[in-house]
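Undergrad: One structure, as structure tokens, below. Some questions next.
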Amino acid sequence: MLKLDLLAPVGAASLATVARFVVLRVFFLSQYMAAHYMFLVLFGLDVPVERLLVYLPLLTFVQIIPVTISGLGTTQLVMRHFYSPFVAAGTAHPAAVVDAFSTAGILGFVLFRVLVAYFFLGEFSREVIRGADKVKVSTAD
């Protein structure tokens, strides 16, 4: 394990390959932001896109800090701080709207991941196993 050069693929990648993956990553992040924005709108939260460009990375960072399980609790507090000012005027409890958004989002994304796993993980696992049978492992080193 110690003899493996983990960064060798990075050095072997061409500039075109790196550029292609950068474009794909930007596309993926744009989809994530668009989905998040549309979900906010469903709960009547009209957060400007330029604010989301700041809020989403901060929320992601707070979520990955190992203080709570999966960032539950800490992320909701930060969401309350960021999103409460954008709750429709006249709403009695803005924090409750943000909490409803957060809870529905967690459940929705978990359900989506379960559905994706249900439909694709079995075939993917079989492909990996078939591919592993074709790989020769050398124990000479």
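The values are calculated or read from the model by the stated rules, or taken from the named source; none is laboratory data. On a predicted model such as this, the values are computed, not experimentally measured, just so you know. All Cβ positions, even for glycine, are placed from backbone atoms using ideal geometry, and neighbour counts span all protein chains on display.
Undergrad: Which numbered condition in (1) in a helix (DSSP H, G or I); (2) out of contact with any Gly (no Cβ under 9 Å at 6 or more places or on another chain); (3) without any contact (Cβ under 8 Å) to a residue 60 or more places away in the chain is the only one that A104 fails?
TA: Of the numbered conditions (1) in a helix (DSSP H, G or I); (2) out of contact with any Gly (no Cβ under 9 Å at 6 or more places or on another chain); (3) without any contact (Cβ under 8 Å) to a residue 60 or more places away in the chain, the odd one out for A104 is (3).
Undergrad: May I ask you to list pairs of residues, at least six apart or on different chains, whose Cβ atoms are under 9 Å apart, with the first in segment 1-28 being in a loop (DSSP other than H, G, I, E, B) and the second being small (G, A, S) and surrounded by 10 or more Cβ atoms within 10 Å (Cβ to Cβ)?
TA: Once the first residue is in a loop (DSSP other than H, G, I, E, B) and sits in segment 1-28, no partner that is small (G, A, S) and surrounded by 10 or more Cβ atoms within 10 Å (Cβ to Cβ) comes close enough.
Undergrad: Let me ask something else. Could you tell me whether any residue of segment 30-38 is more than 18 Å from S102 (Cα to Cα) and part of a helix (DSSP H, G or I)?
TA: Taking segment 30-38 and keeping what is more than 18 Å from S102 (Cα to Cα), we get 30-31.
Pick out the ones that are also part of a helix (DSSP H, G or I) and you get 30-31.
There is at least one residue in segment 30-38 that is more than 18 Å from S102 (Cα to Cα) and part of a helix (DSSP H, G or I).
Undergrad: Return the only residue of T68, T60 being over 17 Å from F101 (Cα atoms), among the polar types (S, T, N, Q) and surrounded by 11 or more Cβ atoms within 10 Å (Cβ to Cβ).
TA: T68
Undergrad: Related question: Go through segment 107-124 and count every residue that is within 20 Å of H36 (Cβ to Cβ) and either at pLDDT 85 or above or polar (S, T, N, Q) (or both). Write out each step before concluding.
TA: Taking segment 107-124 first, the residues within 20 Å of H36 (Cβ to Cβ) are 107-116.
Okay, now just the ones that are also either at pLDDT 85 or above or polar (S, T, N, Q) (or both), so 107-108, 110-116.
Adding up the residues that qualify gives 9.
Undergrad: Is there any pair linking a residue in segment 84-100 that is over 14 Å from F39 (Cβ atoms) to one that is of a type in the set (V, I, T) and assigned to a helix (DSSP H, G or I), with Cβ under 9 Å and at least six apart or on different chains, and which?
TA: Close Cβ pairs (under 9 Å, with a partner that is of a type in the set (V, I, T) and assigned to a helix (DSSP H, G or I)) amount to S84/V97; S84/V98; V87/V97; V87/V98; A88/V97; T91/V97.
Undergrad: Surrounded by 10 or more Cβ atoms within 10 Å (Cβ to Cβ) and farther than 30 Å from S84 by Cβ - does that describe any residue in segment 1-16?
TA: There is at least one residue in segment 1-16 that is surrounded by 10 or more Cβ atoms within 10 Å (Cβ to Cβ) and farther than 30 Å from S84 by Cβ.
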